[in-house]
Amino acid sequence: MTITDQSLDEAQASQSRKHTLNCHRMKPALFQVLCEIKEKTVLSIRNTNDDEPPDPQLMRLDNMLIAEGVAGPEKGGNTAAAAGAVAAASGGQDSALEHSDYRAKLAQIRQIYHTELEKYEQACNEFTTHVINLLREQSRTRPIAPKEIERMVQIIRKKFSSIQVQLKQSTCEAVMILRSRFLDARRKRRNFSKQATEILNEYFYSHLSNPYPSEEAKEELAKKCGITVSQVSNWFGNKRIRYKKNIGKAQEEAKYD
């Protein structure tokens with residue numbers, strides 16, 4: 001008998017023993033005992049915690065996305081929060097177009113976020129299903145406890161969670177950049193042109209005895225300056241405060257002269 005023939009015979013005998021073992025009536029009971037022993041030893045040493053606390057960083061990101069209108073109970077997010085993000089410090093009809101533009105750009109960020117989140121969840125579920133099926137296939141030849149499968153699923157989801165954190169971080173950064181751009185643009189528009197400032201100053205100093213323009217006067221000034229009536233009112237309110245402070249400061253200095 002050659003070595004090759006001997007190897008073939010040994011392989012056939014091994015396959016026969018495996019078949020006999022798999023068909024043995026005591027196999028299920030034996031596997032159950034081995035699974036219990038493994039669960040009490042290996043899993044207890046790992047000190048697995050079924051109720052792991054939620055990731056605080058992930059919670060902060062979720063809260064921020066909800067507040068900014070990107071995420072929420074509905075998939076579309078909280079549109080009221082999106083509008084309020086820009087409307088908080090401004091008002092009037094002149095801000096309507098600005099809010100509309102902000103909501104449109106925020107909707108783009110929201111769509112990209114949910115698209116990428118769906119890809120993440122799909123990839124995570126597909127990989128988890130593949131691992132579970134693989135472990136169940138291996139359980140035919142070696143004892144694998146259900147808790148061991150659960151532990152493996154937790155490990156997989158924890159690994160994928162880091163990808164989810166990166167996605168939410170980048171989305172929050174995109175929203176913050178969007179907000180800062182709109183807020184900066186609004187601050188720049190608050191600075192009136194030189195011509196508008198001259199028109200308002202001329203009216204103010206020519207009416208020092210009563211620097212409180214009527215509604216008709218405010219509308220006329222707004223048309224001349226190319227601004228809103230509310231901006232005219234705010235300008236005169238701030239101007240009166242500054243003027244009174246300057247007069248008081250001049251009077252104090254005159255006492256010491």
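The values are calculated or read from the model by the stated rules, or taken from the named source; none is laboratory data. What you are looking at is a predicted structure, and each value in this text was computed from that prediction instead of being measured. When we count neighbours, we look across all protein chains shown, and the Cβ atoms used for this are built from the backbone with ideal geometry, even at glycine. Ligands, DNA and RNA are excluded from the accessible area calculation, which covers all protein heavy atoms including side chains. Shrake-Rupley method; radii C 1.70, N 1.55, O 1.52, S 1.80 Å.
Can you tell me the length gained on complete extension of the stretch residue 197 to residue 223, counting 0.36 nm per residue apart and subtracting the Cα distance?
8.0 nm
Output the pairs from 105/159; 147/168; 119/158; 105/168; 105/239; 194/249 with a Cα-Cα distance over 28 Å in this structure; if there are none, say none.
105/159; 147/168; 105/239
On the full set of protein chains, 1.4 Å probe, figure out the accessible area of residue 17 and give it in Å² to the nearest 10.
Residue 17 has an accessible surface of roughly 150 Å² with all protein chains in place.
So, R0 is 45 Å and r is the distance between the beta-carbons of residue 130 and residue 179; what FRET efficiency does that work out to, to 0.05?
Working from the Cβ atoms, E equals 0.65.
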